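Okay, so here's the structure we're looking at.
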Amino acid sequence: QLQLLESGGGSVQSGGSLRLRCKVLGDISTTKWVAWFRQAPGKGREGLAALQTSDGEPTYRRTLEGRFTISEDKSTVYFQMDDLKPEDTGIYYCAAVFTGGSLFREANYDIWGQGTQVNVSS
């Protein structure tokens, strides 16, 4: 069974940085995409970035404005977040999909981590 374990969340002031980690417990090569989603307070989960595990090619939502970077090293997917804003506050989830599909469609992802909390104060 493939499992995902997120870490690296915390509380920072506006303009600060955090690096999230998603450790893939299992063979990451069996997945098509590993993505990061965010659930802001009172909202649903929104896809932010995804990594194609076969070659490491990243895809980002344009709303990130270049502040976030997704990367992978062996069985860990990283999410570097810089110049954080209060609007970035939420629970960040790592998710994986085996069969592909729409990149940021929540329903396409079959495996989810437990989430890691990020709080950004103004």
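A few notes on this one:
- One residue from 45, 62, 38 being farther than 20 Å from residue 1 by Cα and either of a type in the set (Phe, Trp, Tyr) or open to solvent by less than 50 Å² (accessible area, probe 1.4 Å) (or both): 38
- Those residues of segment 92-122 which are open to solvent by 70 Å² or more (accessible area, probe 1.4 Å), assigned to a strand (DSSP E or B) and hydrophobic (A, V, I, L, M, F, W, C), in sequence order: none
- Any pair with Cβ under 6 angstrom, 6 or more apart, that starts in segment 65-91 at a residue that is surrounded by 15 or more Cβ atoms within 10 Å (Cβ to Cβ) and ends at one that is of a type in the set (Asp, Glu): 67/82; 67/83
The values are calculated or read from the model by the stated rules, or taken from the named source; none is laboratory data. Here the structure is a predicted model, which means the values were calculated and not measured. As a convention, Cβ positions derive from the backbone with ideal geometry for all residues, glycine included, and neighbour counts pool all protein chains shown. Side chains included, ligands, DNA and RNA excluded: accessible areas come from the protein's heavy atoms. Shrake-Rupley method; radii C 1.70, N 1.55, O 1.52, S 1.80 Å.
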